[in-house]
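Accompanying notes for the structure given below.
The values are calculated or read from the model by the stated rules, or taken from the named source; none is laboratory data. Bear in mind that the values here come from a model prediction, so they are computed numbers and not experimental data. Counting neighbours? That spans all protein chains shown, and the Cβs are built from the backbone with ideal geometry, glycine included.
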Amino acid sequence: MGKKEITDLKDFLDQKVVKYNQPSFIGEDPVSIPHLFSKKQDIEIAGFFAAIFAWGIRKTIISKSRRVLELMDDAPLDFCLCHTEADLKKMEKFSHRTFNDTDLLYFIAFFKSHYLKYSSLESAFFPGPGQPALYGKRDVIENGLNRFYQYFFSLEDVPARTKKHIAAPQKKSTCKRLNMFLRWMVRTDERGVDFGLWRSISPAQLICPVDVHVARVARHFKLLQRKQVDWQAALELTEALRKFDPCDPVQYDFALFGLGVMEKY
């Protein structure tokens, strides 16, 4: 791709970022779920469920996420830390696609275990200042996601079926939903779609969420050559987007998603 082609494509994608990275985007997107809350931990838990549920029709994703929060009395942190057995009974028969009540109960057990020790979910992905060697590397997200997978399933009696709901680069997954969650937690700008709650890493280190829609658009614009939609594809696309903005490559997720889903590019 020549210099002029790169400049023209950047200008085009920048326009699409402005179009879709707007408060008006929030209401019909799963990111609306964490926006229901103001407490950091509630945002994290609500956002995590919304991200994990994010496959299929967005309206259904939002509806199912809201249902989980209703079952938690719209106080996710308090519920995870202080629930009773009777409270957990309310979770029976919940389902969203292949995610069911067994999975939900394990997620709640994990959140209880984690938040009894730590004040933020950030530490589940990225180690504290006692392990600074992880920072500054391009593979910080890969390490963080693999670390999270091991940590998330470190409780006793993990249901085997639940492991399919958490992706990891070591499993060759594109990790679309977790990368989207990290975008929400790490990115920040004046438009207010993403939260910018986590400061251990910078937006420059994020990896672009990739699904079949984003991959299709990326191939159309020759930003992605890889045929498989996997972790290597996510790395390849992100590296291409860094040429447009090395400090915030994942802002172009708004453009690629909008073109693929909204405009059926």
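Some observations on this one:
- The single condition among (1) without any contact (Cβ under 8 Å) to a residue 60 or more places away in the chain; (2) touching a Cys at 6+ places or on another chain (Cβ under 8 Å) that residue 252 does not meet is (1).
- Lone qualifier among 16, 10 - being of a type outside the set (A, V, I, L, M), part of a helix (DSSP H, G or I) and surrounded by 17 or more Cβ atoms within 10 Å (Cβ to Cβ): 16
- When residue 208 is tested against (1) in contact (Cβ under 8 Å) with a residue 12 or more places away in the chain; (2) within 25 Å of residue 8 (Cα to Cα); (3) in a helix (DSSP H, G or I), exactly one condition is not met: (3).
- When residue 200 is tested against (1) at pLDDT 95 or above; (2) closer than 24 Å to residue 43 by Cβ, only condition (1) is not met.
- Whichever residue in segment 129-153 is at pLDDT 70 or above and farther than 15 Å from residue 167 by Cβ and, among such residues, is surrounded by the most Cβ atoms within 10 Å (Cβ to Cβ): 140
- Cross-chain or 6+ apart pairs with Cβ under 9 Å, segment 229-243 first and at pLDDT 95 or above, then part of a helix (DSSP H, G or I) and among the acidic types (Asp, Glu): 231/142; 235/142; 241/253
- Cβ pairs under 7 Å, 6+ apart, first in segment 153-182 and over 16 Å from residue 30 (Cβ atoms) and free of Cβ contacts under 8 Å to residues at least 12 places away in the same chain, second assigned to a loop (DSSP other than H, G, I, E, B) and of a type outside the set (Lys, Arg): 163/153
- Scanning segment 29-41 for residues that are farther than 15 Å from residue 108 by Cβ, among the small types (Gly, Ala, Ser), out of contact with any Gly (no Cβ under 8 Å at 6 or more places or on another chain) and touching a residue at least 12 places away in the same chain (Cβ under 8 Å) turns up at least one hit.
- Criterion (buried (at least 19 other Cβ atoms within 10 Å of the Cβ), at negative phi and of a type outside the set (Lys, Arg)) met by exactly one of 194, 245: 194
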